[in-house]
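Please read the structure below before turning to the comments.
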Amino acid sequence: MSTVASKHANPGPLGLLGFGMTTVLLNLHNAGLLPLSIVIVAMGIALGGLAQILAGIREMKQGNTFAGTAFTAYGLFWWSLVLIWVNPFKGIEGGDSTSLGFYLLLWCIFTAFMFIGTLKHNRATQVVFGSLTILFLLLAIGDFTGIHVIHTIAGIEGIFCGLSAIYSAMGHIVNGEYGKTIIPLG
């Protein structure tokens, strides 16, 4: 009796796309190019949130603590951010700039430690986490200071961050399909 080995798909590209596409869309808003609308909120719930959480769970099941933690945590970041924006809880104040500053600063600290973990990964992953650390720091400073131009700069940097994640996702997909490096990831 012969057995057929089952092949498990790599959930990483889905998580990277969920992160990257949602990050680009939100940062088009931060850069002042789009209004905050249901388009960004829906993307945050579906692709930024759910897709990353599903990818994170699959990564955990495959024994990848780093990717599992990253995708699950950032998926939940998107869900929590949407909850902050829509504030469905009666009697609880909405997020003020100082609270949002601390929220973003905590994400910056988490991301900085995750960046340290990427030093064992490829350059594409290092760029994603390095630029995300800078993005969270800029957004936190923007909220703490109320200086609008910092949010605009953060938006531009966030577009770069999101595009770097999309590039990494496409590299994993295309390279996996061809069984060789077509899109270099470093």
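The values are calculated or read from the model by the stated rules, or taken from the named source; none is laboratory data. Note that the coordinates shown come from a computational prediction; the quantities given were computed from them, not determined experimentally. Cβ coordinates were reconstructed from backbone atoms using ideal geometry, including for glycine residues, and neighbour counts include every protein chain displayed.
Points to keep in mind about this one:
- In segment 168-186, residue farthest from the chain's Cα centre (by Cα) [restricted to those that are at negative phi and small (Gly, Ala, Ser)]: 176
Table: residues versus (1) free of Cβ contacts under 8 Å to residues at least 60 places away in the same chain; (2) farther than 26 Å from residue 13 by Cα; (3) surrounded by fewer than 18 Cβ atoms within 10 Å (Cβ to Cβ).
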| position | (1), (2), (3) |
| --- | --- |
| 57 | yes, no, yes |
| 62 | yes, no, yes |
| 100 | yes, yes, no |
| 107 | yes, no, no |
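- Single unsatisfied condition, residue 2 versus (1) at pLDDT 95 or above; (2) of a type outside the set (A, V, I, L, M); (3) at negative phi; (4) not in a helix (DSSP H, G or I): (1)
- The lone exception for residue 146 - which of (1) surrounded by 21 or more Cβ atoms within 10 Å (Cβ to Cβ); (2) at positive phi it fails: (1)
- For segment 95-111, residues that are aromatic (Phe, Trp, Tyr) and over 16 Å from residue 129 (Cβ atoms) total 2.
- Residue within segment 115-133 that is crowded, with 16+ Cβ neighbours inside 10 Å, closer than 28 Å to residue 32 by Cβ, of a type outside the set (Gly, Ala, Ser) and over 15 Å from the mean Cα position of the chain (by Cα) present: no
- Checked against the criterion of being surrounded by fewer than 17 Cβ atoms within 10 Å (Cβ to Cβ), hydroxyl-bearing (Ser, Thr, Tyr) and at pLDDT below 95, segment 36-44 has no qualifying residue.
- Condition met for residue 66 (touching an Asp or Glu at 6+ places or on another chain (Cβ under 9 Å), over 22 Å from residue 160 (Cα atoms) and either hydrophobic (A, V, I, L, M, F, W, C) or not in a helix (DSSP H, G or I) (or both)): yes
Rundown of residues vs (1) hydrophobic (A, V, I, L, M, F, W, C); (2) assigned to a helix (DSSP H, G or I); (3) surrounded by 13 or more Cβ atoms within 10 Å (Cβ to Cβ); (4) touching a strand residue (DSSP E or B) at 6+ places or on another chain (Cβ under 7 Å), yes/no style:
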position: 16; (1), (2), (3), (4): yes, yes, yes, no
position: 22; (1), (2), (3), (4): no, yes, yes, no
position: 52; (1), (2), (3), (4): no, yes, yes, no
position: 90; (1), (2), (3), (4): no, no, no, no
position: 93; (1), (2), (3), (4): no, no, no, no
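Listed here are the residues, each with its yes/no results for (1) hydrophobic (A, V, I, L, M, F, W, C); (2) more than 21 Å from residue 56 (Cβ to Cβ); (3) touching a helix residue (DSSP H, G or I) at 6+ places or on another chain (Cβ under 8 Å).
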{"residue": "79", "(1), (2), (3)": "yes, no, yes"}
{"residue": "93", "(1), (2), (3)": "no, yes, no"}
{"residue": "99", "(1), (2), (3)": "no, yes, no"}
{"residue": "103", "(1), (2), (3)": "no, no, yes"}
{"residue": "113", "(1), (2), (3)": "yes, no, no"}
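- Residue in segment 112-129 that is among the basic types (Lys, Arg) and in a helix (DSSP H, G or I) present: yes
- Against the test of being under 12 Å from the mean Cα position of the chain (by Cα) and of a type in the set (Gly, Ala, Ser), the options 154, 140, 165 yield a single qualifying residue, 165.
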